[in-house]
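Novice: Just dropping this structure here.
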Amino acid sequence: MKFSLKLLLSTVMVLAAALGFTGYFFVNYVFETSLSREARQALDENSILRFAFETAALNVPTKYDVLQDHTLEQIASNLETSGQRTGRLLRLSGEEKNVLYASEGFEADSALLLQAEENVRSWQVIFLSGRYYVQTVSGLHAMDRMLYLETLRDVSEVFEERELGFVVYRRVTVLMLALGACIMHFIASVLTRPIRQLKKATKRMAAGEYGYRAKRLSADELGQLTRDFNRMAQALEENMKELEAQVQDREDFVAAFAHELKTPLTSIIGYADMLRSRRLDEEKSFLSANYIYTEGKRLEAMSLRLLDIIVTKRQKVEFQTVSVQLLFDYLQEMFTAREDMEFLFSCEEAMVSMEANLIKTVLINLVDNACKASEEHGRVAVTGKREDAGYRFAVQDHGVGIEREEISKITKAFYMVDKSRARSKNGAGLGLALCVEILALHGSRLKIESETGKGSRFSFVLPMAEREAV
């Protein structure tokens, strides 16, 4: 069952119960008020008749010390006759509560009479011949006799009004329920519209349309739920895109890895088959063996780089406080022996928190890449400088540079901007990927600035040691 239908039915049930109880108590309240008024009027009429009876008894000529029964009957008959237009019914009983006179149609039992007491007025509602009456009884004194006067007052109209009230109220209740159901159906439709929007969004997302968002229709809790749902959908879409990118990167990695293996293996197999299948002169034998050795070394370098990447992702780094000057002395000693390039090393002395061997690997890879991107006898500058964010290491060359659209791709494994140039210098496109992983372990990232034909600048920032920072 739909939520809007549940809301509608629940509201109609509550409204029906409220109207039912309210109508019942309201009609009964009016009925009880009217019946009490009729009872008071009946008691007042009984008092008037009692006074009239006592007055009439005092005016009767006395032949005896005690009024005779026939005299009492005559007085009662006169009282009844004087009230014919009002439909008055009365009954007169003696000391022993025996009936002395009763109007025609006075068929009430003697239960109320038997309970009657002197100086006490009593009343009850009785049902006779399809009509409702208020029966009253009170005691009176006629000379030396104690008598009891009963009256009947027709109150059927009060009961008929109650029945009519119930009928009218039932009709009004049905009308109100129908009108309330229509109004509540509209309200429920409006209130549950955000839920329908979320349901639609859920279905479309389940069908693969991850970019679909539910429209926010209100600022209440449902509006907040819609906003949270859209945030969740946004996070889900981003995660899906990230997973798709990871899958694509993995596929590209496997394809590139297979391709990088195929090229040297083809050369190795070809030259090895040449050496195995025919007799070559010394020069050709040397060239063949040299190709095999060169391609083998490239495979070895590639496997070592891959191993470094895998190990770097899994290992935990223990940081030490290292002098930047010692690090630059190591690089200068390592690269200045090369006569085909011009190197410039400059740094500001500082103590930096790092894993020294891994950062050496990063800087060596960056300097090596700068050499590969530069022409022979080109200049490569390695600098270190204090900044507010920490200590920045930078490697800059003046080589071929990198296209803007290539910058975001060069840190992927096996990606090479100029594959022929990289392979000719024994590259496999793994150096920058390794650098990115190492810097991630240090909470840093590689910043790449490049302009085609003018060179590139690779830099990263490491935190300075606490005592140095102070």
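The values are calculated or read from the model by the stated rules, or taken from the named source; none is laboratory data. Remember, predicted model here, so these are calculated numbers, not experimental data. Note: ideal-geometry Cβ built from the backbone for every residue, glycine included; neighbour counts use all protein chains shown. Side chains are part of the model used for accessible areas, which takes the heavy atoms of the whole protein and leaves out ligands, DNA and RNA. Shrake-Rupley method; radii C 1.70, N 1.55, O 1.52, S 1.80 Å.
Novice: Gain in length, LYS6 to LYS385, computed as 0.36 nm per residue apart minus the alpha-carbon separation, to one decimal in nm?
Specialist: 129.5 nm
Novice: A further question on this structure: Sketch the reach of a paramagnetic label on GLN124 as a point 7 Å from Cα along Cα-to-Cβ, and name the residues of the range 137-177 whose backbone nitrogen lies under 13 Å away.
Specialist: Residues passing the 13 Å test: 137.
Novice: For helix 431-441, report the angle its Cα long axis makes with the longest principal axis of the Cα atoms of the chain; keep it between 0 and 90° and round to the nearest 10°.
Specialist: Once rounded, one gets 50 degrees.
Novice: Which order do ARG121, ARG88 take by accessible area at a 1.4 Å probe, largest first?
Specialist: Output order, biggest surface exposure first: ARG121, ARG88.
Novice: Report the net charge of residues surrounding TYR133, where surrounding means a beta-carbon distance below 14 angstrom and charges are Lys +1, Arg +1, Asp -1, Glu -1.
Specialist: So the surrounding residues net to -4.
Novice: Nearest 10 degrees is fine. How inclined is helix 221-277 to the longest principal axis of the chain, computing both from alpha carbons?
Specialist: 20 degrees
Novice: Then there's this: Which one of LEU344, GLN74, HIS141 has its Cα pushed farthest toward the positive end of the charge dipole of the chain, where Lys and Arg give +1 and Asp and Glu give -1 at the Cβ?
Specialist: So the residue furthest toward the plus end is LEU344.
Novice: Express in nm, to one decimal, how much length is gained between GLU251 and ARG145 on full extension, taking 0.36 nm for each residue of separation and deducting their alpha carbon distance.
Specialist: Between GLU251 and ARG145, full extension yields an extra 25.8 nm.
Novice: Put SER156, SER4, SER82 in order of accessible area, largest first, 1.4 Å probe: what do you get?
Specialist: SER82, SER4, SER156
Novice: Something else now. Can you tell me the length gained on complete extension of the stretch LYS215 to ASP273, counting 0.36 nm per residue apart and subtracting the Cα distance?
Specialist: 14.0 nm
Novice: I need the calculated FRET efficiency for the pair ALA17 and ARG193, taking r as the beta carbon distance and R₀ as 22 Å, to the nearest 0.05.
Specialist: FRET efficiency, ALA17 to ARG193: 0.20.
Novice: Let me ask something additional. Quick check: the angle from helix 282-314's long axis to the longest principal axis of the chain, C-alpha only, nearest 10 degrees?
Specialist: So the inclination is approximately 30 degrees.
Novice: Please go through the residue pairs LYS409/LYS447; LYS241/LYS454; LYS284/LYS372; LYS241/LYS372; LYS385/LYS412; LYS372/LYS409 and name each one whose alpha carbons sit more than 23 Å apart in this structure.
Specialist: With Cα atoms farther than 23 Å apart: LYS241/LYS454; LYS284/LYS372; LYS241/LYS372; LYS385/LYS412.
Novice: Rank by packing, highest mean first: peptides 112-118, 215-221, with packing defined as the count of other Cβ atoms within 10 Å averaged across residues.
Specialist: Going from most to least packed, we get 112-118, 215-221.
Novice: Let me ask another. What is the range 324-411 by shape, rounded, prolate or oblate, if you read a ≥ b ≥ c off the alpha carbon gyration tensor as root eigenvalues and call it rounded for a/c under 1.5, prolate for a/b larger than b/c, and oblate otherwise?
Specialist: oblate
Novice: Summarise the accessible area of the chain (1.4 Å probe, protein heavy atoms) by the percent that is carbon and sulfur.
Specialist: Looking at the chain in its full context, I get 55 percent from C and S.
Novice: Between ALA356 and ASP109, what is the label-to-label distance in nm when each label sits 7 Å out along the Cα-to-Cβ direction?
Specialist: 11.8 nm
Novice: Which distance in nm do the two modelled labels at GLU157 and LEU287 give, with both placed 7 Å along the Cα-to-Cβ direction?
Specialist: The answer from the label model is 13.6 nm.
Novice: Using the heavy atoms of the protein chains and a 1.4 angstrom probe, tell me the accessible area per residue for the chain in square angstrom.
Specialist: 61 Å²
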